[in-house]
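To start, the structure under review is shown below, and the notes come after it.
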Amino acid sequence: SVHQFDMSRIIDISRTLAPGIAVWPGDTEFQPFWVMRMERGDACNVGSVTMSLHTGTHADAPLHFFPAGASPADSDLTPFIGPVEVVDVSGVGAITRDHVASHVVGSPARVLFKTGTAEATCFSASFAHFTPGAAQLLVERGVRLVGIDTPSVDKSDSKTLDVHKVFGAAN
């Protein structure tokens, strides 16, 4: 089906990419550079960028945590556009099932969680994250898109990526 949205009401929540933006420890830092410059005699200006795919605002495709998951190119973009509920959970370390039950009204298609714990220029491992129970309740409520202003939906030291897998299993 075709959806029409008032483009003047779309709010871009993307973080600005710039040298010095925080990256996960060990990831490739954001670095723009010029390949061709007219001021050097080239026919046109052409730039290039190196960076981790997890720099700034990003969405994890299922391939990130499922070996046979869909790649970003094969992922449906429909869930990313439309009305969204913003939930302010500033001050919490872990977003729990109880937080979701008390803060998320009904079954919105999209929910963004504002935690205030992500730094734009300095990585901190103490960012807010979801518990698997919170993720499961969002899935049970039929939420199609979940966003958070931190580097990951899982705790920074997670080796099993349980929250990623709860969301990923529900597509």
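The values are calculated or read from the model by the stated rules, or taken from the named source; none is laboratory data. Given the structure is predicted, the values throughout are model-derived calculations rather than measurements. Please note that ligands, DNA and RNA were not included when accessible areas were found on the heavy atoms of the full protein model with its side chains. Shrake-Rupley method; radii C 1.70, N 1.55, O 1.52, S 1.80 Å.
Students sometimes get this wrong: rank 50, 131 by accessible area, probe 1.4 Å, all chains present, largest first. Could the numbers behind the result be given before it?
On the way: 50 60, 131 35 Å².
Correct descending sequence by accessible area is 50, 131.
For residue 95, the amide hydrogen comes within under 5 Å of the amide hydrogens of 129, 130, 131, counting only partners 5 or more places away or on other chains and with H modelled in the peptide plane.
Estimated at the nearest 10 Å², the accessible area of residue 150 is 20 Å² with a 1.4 Å probe.
The listed residues 10, 95, 21, once ranked by accessible area (1.4 Å probe) with the largest placed first, stand as 10, 21, 95. Within a straight-line Cα-Cα reach of under 20 Å, residue 159 can be paired with the following aspartates and glutamates, leaving aside sequence neighbours fewer than 8 residues apart in one chain: 27, 60.
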